[in-house]
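The block underneath contains the structure these notes are about, expressed in structure tokens.
Each reported figure results from applying straightforward, stated rules to the coordinates on display, with no laboratory input. Since the structure is predicted, the reported quantities are computational estimates derived from the model, not experimental observations. Note that we place each Cβ from the backbone using ideal geometry, even for glycine, and neighbour counts take in every protein chain shown.
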């Protein structure tokens, strides 16, 4: 198991197992199958699902800046402001 460390302070925040070629191939095939199924969903329904996902993300916006690894040096208020843009 490989440690995942915070870029902010080096603290261990998680652990992950490395994936071998077999698992990688299975994962790629699952993703391709999911895409094939998704593209059969009518566009208006896909749009509605994306809208609902956006609503869920907006509802959780106060929790997202702390979770987002994109800019670990940002203070939580600055990260939250960026999420609202």
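Among 11, 48, which comes first, then next, by fewest other beta-carbon atoms within 10 Å?
11, 48
Give me the one-decimal nm value for the distance between modelled label points at residue 28 and residue 43, 7 Å along each residue's Cα-to-Cβ direction.
For the pair residue 28/residue 43, the computed spacing is 3.1 nm.
Under a crude label model (7 Å from the Cα following the beta-carbon direction), how far is residue 11 from residue 55 in nanometres?
3.5 nm
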